[in-house]
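Trainee: The structure under discussion is supplied below as structure tokens; questions concerning it will follow.
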Amino acid sequence: MISFELLARFRKELSITGSALYDTVVAIAERVNRKVHVLRLHSQATFHLTHIQSLHCQLGARIADHLSASPGRPGRIGSSLQSDIDITTMVAASARQVRHFQDSLARIEAHIRELKQEVAHEELLLIQRDLGFHDAAMERAVVSQGAAVLGHPLSDFNLPPTTRIVAIFRGPFLLSPTGALVLRPDDVVLLVGLRIDLAEILPHFQHQRSSKTA
């Protein structure tokens, strides 16, 4: 006979598995919804851009017609003056509509940027979760003045087999972590590896104080 303790364990494991599956389905659904929303926003942006282009074409055609007219003919003075007023009014109205569409485009762009940042944040959380399952982590190290790693190419670093330098940021630039690269103060280094290995490596990126005592 199966003991109650074994049945309770099976029930707990099934509950955990079901909960994880539900969370996964919800996460996928939310990601799909965001992608659909982004596509809709891109469609709205295309609609606005098409309207702006149409306004420019209409205004250009109206101005071309006005310039091609012959205002020197007798009896055309009043008509020409009215046409000038119409063109000025049309330009002002078109400018207002274009500004309206441009403001809408700016809001759409900001919304798309927010949605993409949410997706990137979710991806980062998933990466950190996967690393955590294997007792690993991603660490950000800022190279300090006087750090032990300064003046040495990356090929000299004696990193554990499970530890990798995945990216290096130097000001606005993203550098490839090649073996010949020499770190500078204020470089930002992203490392991935086991937590126990990272704990030993990170101090080398910080200022090393003298161990001498007076």
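Throughout, read-outs are computed from the coordinates displayed, never taken from laboratory work. What you see is a predicted model; the values in this text were computed from it and never measured. Neighbour counts run over all protein chains shown; Cβ positions are idealised from the backbone, glycine included.
Trainee: Given labels modelled 7 Å from the Cα in the Cβ direction, how far is it in nm from residue 64 to residue 184?
Mentor: 5.3 nm
Trainee: May I ask you to evaluate 6.51 cos²θ - 1.76 cosθ + 1.60, the Karplus curve with θ = phi - 60°, for each residue of the range 162-176 and list the ³J(HN,Hα) values in order in whole Hz, giving x for glycine and proline?
Mentor: Along the range 162-176, the couplings run 8, 10, 9, 8, 9, 7, 9, 10, 10, x, x, 9, 9, 9, 7 Hz.
Trainee: More than 22 Å apart: what percent of Cα pairs in the range 100-214 qualify? Write down the numbers at each step before the final one.
Mentor: Working: 3171 of 6555 pairs.
So the portion of pairs separated by more than 22 Å is 48 percent.
Trainee: In Å, the Kirkwood hydrodynamic radius of the range 86-126 over pairs of distinct alpha carbons? Please report the intermediate quantities before stating the final value.
Mentor: Details: mean 1/r = 0.0801 Å⁻¹.
12.5 Å is the Kirkwood radius here.
Trainee: While we're looking at this one, here's another question. Roughly what would the spin-label model give for residue 112 and residue 98, points 7 Å off Cα along C-beta, in nm?
Mentor: The modelled label-to-label distance comes out at 2.1 nm.
Trainee: Short version: ³J(HN,Hα) in whole Hz for each residue of the range 196-206, in order, from phi by Karplus 6.51 cos²θ - 1.76 cosθ + 1.60 (θ = phi - 60°), x for Gly and Pro, what are they?
Mentor: Per residue, the Karplus-derived 3J(HN,Hα) values read 5, 6, 4, 4, 7, 7, 4, x, 6, 8, 9 Hz.
Trainee: A follow-up question, please. Counting Lys and Arg as +1 and Asp and Glu as -1, what is the net charge of the other residues whose Cβ lies under 13 Å from the Cβ of residue 124?
Mentor: Surrounding charge for residue 124 is -1.
Trainee: Here's a follow-up. For the residue pair residue 128 and residue 40, what label-to-label distance in nm results when each label sits 7 Å from Cα along the Cα-to-beta-carbon direction?
Mentor: 3.0 nm
Trainee: When all alpha-carbon pairs of the range 110-172 are counted, what percent fall beyond 21 Å? Walk me through the numbers on the way to the answer.
Mentor: Values: 897 of 1953 pairs.
Value for the range 110-172: 46 percent of Cα pairs lie more than 21 Å apart.
Trainee: With N residues in the range 149-191, what two-decimal value do you get for its Cα radius of gyration over 2.2 N^0.38 Å?
Mentor: 1.09
Trainee: Within 10 Å of each candidate Cβ there may be at most 12 other Cβ atoms; applying that plus a DSSP loop requirement, which trypsin sites (Lys or Arg not before Pro) in the range 143-214 survive? Kindly include the intermediate steps, with their values, before the conclusion.
Mentor: Numbers: sites: 164, 170, 195, 209, 212; in loops: 209, 212.
When the trypsin sites (Lys or Arg not before Pro) of the range 143-214 are filtered for loop state and at most 12 Cβ neighbours within 10 Å, 209, 212 remain.
Trainee: Continuing with the same structure: Each residue of the range 136-145 in turn: what ³J(HN,Hα) in whole Hz from Karplus with 6.51, -1.76, 1.60 and θ = phi - 60°, glycine and Pro shown as x?
Mentor: My calculation for the range 136-145 gives 10, 7, 10, 10, 10, 10, 9, 5, 8, 5 Hz in order.
Trainee: What residues have an amide H closer than 5 Å to that of residue 207, excluding those fewer than 5 places away on the same chain, when H is modeled at 1.01 Å from N in the peptide plane?
Mentor: HN-HN under 5 Å from residue 207: 144.
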